[in-house]
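All remarks here apply to the structure that follows.
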Amino acid sequence: MILQLSHPSASISQESWTQVIETFKNQIGANEFQRWFTHINVDFYHQTCLMQVPDDMSIAWIEANYLDELKAILPLACSEHQEFDIQFKIQDFIKDHLKESEKTHAKASQSATTSSPRASKTKQVDTINTNDIAEQAELLTKKKTAKIKRCGLNPAHNFERFVVSDHNNFAFAAATAILQEETLTYNPFFIYGNSGLGKTHLMQAIGLELLEQDLNAKVLYTSAENFTNDYVQAIQNNQLDNLRNRYRNLDVLLIDDIQFLANKTKTQDEFFHTFEALINSQAQIIVSSDVSIHDLKQLSPRLVSRLSAGLCVQIEAPSYETRLAILDKHLSNTKHYIDRSCLELIATEIKSDVRNLMGAINKLLIYVSLQPNQDFSVETVKNLLQDCFQQEKTQLKLSAKTIQKTIANYYNVNFEDLVGKRRTSQLTLPRHVAMYLTRDLTNSSLHEIGHEFNRDHGTIIHACKSVNARIQDEEGFKETIDFLKNKFT
């Protein structure tokens with residue numbers, strides 16, 4: 001069932017709906033239409049269009065890529081040609097999917113560690129077999145540990161320690177789909193976001209889970225910097241064949257910080273051919289970057305094109321609730337106790353990224369372990385972590401309000417109008433530019449930016465796409481954006 005209209009009405013007939021869907025299908029292409037708009041039911045309530053989608057990934061992808069087109073075409077289905085507010089209803093397919101995955105993983109782990117040999121008729125043989133099982137389990141653990149190390153993975157970066165929330169649920173859902181899919185639907189899988197938000201953790205969790213499924217899988221995690229160093233060393237030692245054998249004979253390649261290849265023409269060429277070889281051999285490629293694919297200006301066009309061919313997802317800055325959950329989970333893996341109010345203080349003060357958050361809690365845990373009898377009050381923690389909090393304030397000194405006021409002054413519009421509900425042509429461009437720069441220059445999430453502008457996050461996505469398109473199409477507009485950016489950096 002594809003974009004099925006649940007309840008045709010006097011204003012929206014089945015015939016007009018079918019015509020609109022055909023037009024939309026022609027706009028985005030049959031393959032994309034089939035891929036993202038299968039099993040979606042649509043209902044209209046007054047000025048609201050409710051789309052019932054299979055999963056979180058569908059919502060995030062449709063909002064990021066097709067929301068503008070849908071908003072433009074939906075009025076054509078209505079006899080009054082009215083505009084609709086698009087809302088989504090998420091079904092529980094992913095949750096069921098993950099539960100099933102967890103059950104399968106638990107069964108596999110139990111089978112690997114607790115399976116018993118054939119029943120014996122004597123107590124003595126039972127004891128011997130128990131010892132054999134223990135020895136086999138120990139050997140398996142050692143083998144697994146050695147394999148994880150050879151693959152470049154950190155066993156601490158597993159899914160159990162990965163906190164899923166609004167800021168990363170799309171990326172997590174895609175990662176889960178990759179682990180469950182037999183076909184390479186999302187290849188390459190490109191993850192981007194600011195430093196310290198969990199891109200490396202998620203990539204390595206995928207690698208670790210793949211090894212749980214098959215310890216013989218050929219998995220390699222590395223950074224673009226390490227790839228560059230390996231390439232240079234291979235040239236110096238005349239060992240390019242060894243390099244290519246290592247990187248091109250894999251089931252899964254996880255490569256971090258691809259932006260490091262910028263302006264390294266020869267290394268980019270080598271990576272491009274490695275990429276091609278892996279794709280042709282049906283290997284999965286997972287790549288991370290601090291910036292989106294289209295902002296990798298110093299990468300060759302053909303490499304950017306290859307990276308764009310799969311699924312691209314963003315990880316954003318975590319919300320307060322997520323930061324608190326991350327601290328809770330980290331603390332649960334230790335033997336120490338820290339008062340809840342102290343955790344709330346850290347979650348409130350550290351907003352920019354997960355790495356800074358972990359640095360603060362680990363520093364506090366060191367103090368706690370060295371002084372187990374000390375009462376660590378909120379005031380004590382404030383003093384102990386003063387440098388961490390000050391560093392955070394320095395990183396976050398550029399606020400949305402600062403950007404809004406600067407843009408309002410530049411375009412000679414009223415600040416209250418810029419962030420208010422008025423919709424005029426005079427305000428559209430300044431408002432879009434302010435949203436774009438807030439997204440680009442701060443660690444705020446889409447929801448946080450939406451709150452600052454009294455808009456939903458779909459509007460922020462639309463504004464950023466609009467500014468990006470104008471940068472590409474309008475001569476001189478990029479210079480305007482760069483000039484405004486320089487006011488803040």
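Laboratory data are not the source of any read-out in this text; all were calculated from the coordinates shown. It should be emphasised that the depicted structure is a prediction, and the values quoted were computed from it without experimental measurement. Methodologically, a virtual Cβ is constructed for each residue, glycine included, from the backbone with ideal geometry; neighbour enumeration extends over all protein chains shown.
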Prolate/oblate/rounded label for segment 229-303 (Cα gyration tensor, a/c 1.5):
oblate
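Among the listed pairs K25/K89; K297/K401; K89/K329; K199/K351; K149/K218, give every one whose C-alpha distance is greater than 19 Å. Don't skip to the end; give the middle numbers.
On the way: K25/K89 22 Å; K297/K401 29 Å; K89/K329 29 Å; K199/K351 17 Å; K149/K218 13 Å.
Going by Cα-Cα distance, K25/K89; K297/K401; K89/K329 fall outside the 19 Å limit.
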Under a point spin-label approximation (7 Å from Cα along Cα-to-Cβ), what is the R423-L365 distance to one decimal in nm?
4.9
Yeah, segment 180-265 with a ≥ b ≥ c from its alpha-carbon gyration tensor (a/c under 1.5 is rounded, else prolate when a/b outruns b/c, oblate otherwise) is oblate
For the pair Q47/T265, report the inter-label distance in nm, with labels modelled 7 Å from Cα in the Cβ direction.
5.7
What is the gain in length, in nm to one decimal, between Q82 and E344 on full extension, counting 0.36 nm per residue of separation less the C-alpha to C-alpha distance?
89.7 nm
Checking rank on 23-33, 275-285, 432-442, 317-327, with mean other Cβ inside 10 Å and highest first, the result is 432-442, 317-327, 275-285, 23-33
Where does segment 284-352 land on Rg(C-alpha)/(2.2 N^0.38 Å)?
1.68
Counting only pairs 8 or more places apart or on different chains, how many lysine pairs in segment 419-489 have C-alpha atoms closer than 21 Å?
4
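Any chance you could run the full-extension gain for K297 through E225? It's 0.36 nm times the residue separation minus the Cα-Cα distance, nm to one decimal. Don't skip to the end; give the middle numbers.
Numbers: separation 72, 0.36 × 72 = 25.92 nm, distance 1.76 nm.
Fully extending the segment from K297 to E225 adds 24.2 nm.
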Take the alpha-carbon centre of segment 149-164, take the same for segment 323-390, and report the distance between them in whole Å.
22
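Order of 460-467, 170-177 by packing, highest average Cβ count within 10 Å first? Walk me through the numbers on the way to the answer.
On the way: 460-467: 20.1, 170-177: 22.8.
In decreasing order of mean packing, 460-467, 170-177 become 170-177, 460-467.
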What is the spin-label model distance, in nm, from S281 to Y320 if the labels are put 7 Å beyond Cα along the C-beta direction?
5.1
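Is the shape of segment 396-489 rounded, prolate or oblate, going by the alpha carbon gyration tensor and its root eigenvalues a ≥ b ≥ c, with a/c under 1.5 for rounded and a/b larger than b/c for prolate? Provide the component values of the computation, followed by the final result.
Values: a/c = 1.23, a/b = 1.14, b/c = 1.08.
In terms of gyration-tensor shape, rounded.
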